[in-house]
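One structure is given below, encoded as structure tokens.
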Amino acid sequence: MSILFKGLAEPSRMTIMRALMIEAELCVCDVASLLQAPVANASHHLRSLHRIGLVKHRKDGKLVWYSLDDEHVRSILQLAMVHEEETEAPHVQA
């Protein structure tokens with residue numbers, strides 16, 4: 001689980017995951033536009049998310065489309081978002 005949460009801890013990756021909750025699929029160019037980053041950076045983040053099992057991809061000609069891997073991933077993200085909304089500030093312990 002630590003690999004999963006480490007992958008989600010990166011702000012750009014969390015932005016991608018939130019977008020994939022709204023859109024069924026996004027291509028690398030869509031993600032690059034969303035992040036306002038080069039396609040190479042977007043592709044790197046998507047490969048990382050794929051490697052840890054959070055997103056899946058399909059090829060359509062030269063385009064690669066990404067989507068959430070399954071409903072478990074969607075549930076994890078929805079629970080995290082609800083928790084974030086209910087929590088005023090992060091709890092930090094020394």
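We did not get these values from a lab; they are worked out from the coordinates using the rules stated. Keep in mind that what you see is a predicted model, and the values were worked out from it rather than measured. Every residue, glycine among them, receives a Cβ derived from its backbone with ideal geometry; neighbour counts consider all protein chains shown.
Legend: translational diffusion of the range 11-78 by Stokes-Einstein, Rh = Kirkwood radius over C-alpha pairs, 37 °C, 0.692 mPa s; D = 280 µm²/s. Only helices enter the 222 nm calculation for the chain: every DSSP H run of n ≥ 4 contributes -39,500 (n - 2.57), and dividing by all residues gives -18500 deg cm²/dmol, rounded to 500. Name all residues of the range 1-39 having a backbone nitrogen under 12 Å from the label point set 7 Å from the Cα of L63 along its Cα→Cβ direction, giving them as ranges. Zone members listed by number: 25-31. Near C27, the amide H atoms lying under 5 Å from its own belong to Y66; only residues 5 or more places off or on other chains count, and H is placed 1.01 Å from N. Computed on the chain, with alpha-carbon pairs under 8 angstrom and 6+ residues apart, the relative contact order is 26 percent. With the charge dipole of the range 2-86 set up from +1 on Lys and Arg Cβ and -1 on Asp and Glu Cβ about the Cα centre, the Cα lying farthest toward the positive end among the listed residues Q36, A19, L77 is that of Q36. In sequence order, the range 35-43 has phi-based couplings of 7, 6, 9, x, 4, 4, 5, 4, 4 Hz under the Karplus curve 6.51 cos²θ - 1.76 cosθ + 1.60, θ = phi - 60°, and Gly or Pro positions carry x.
Under 20 Å from a point placed 7 Å out from the Cα of A40 along the Cα-to-Cβ direction: which residues of the range 56-75 have their backbone N that close? 63-64, by backbone N distance to the label point. Using Cβ point charges alone (K and R +1, D and E -1), the dipole size of the chain about the Cα centre works out to roughly 580 debye.
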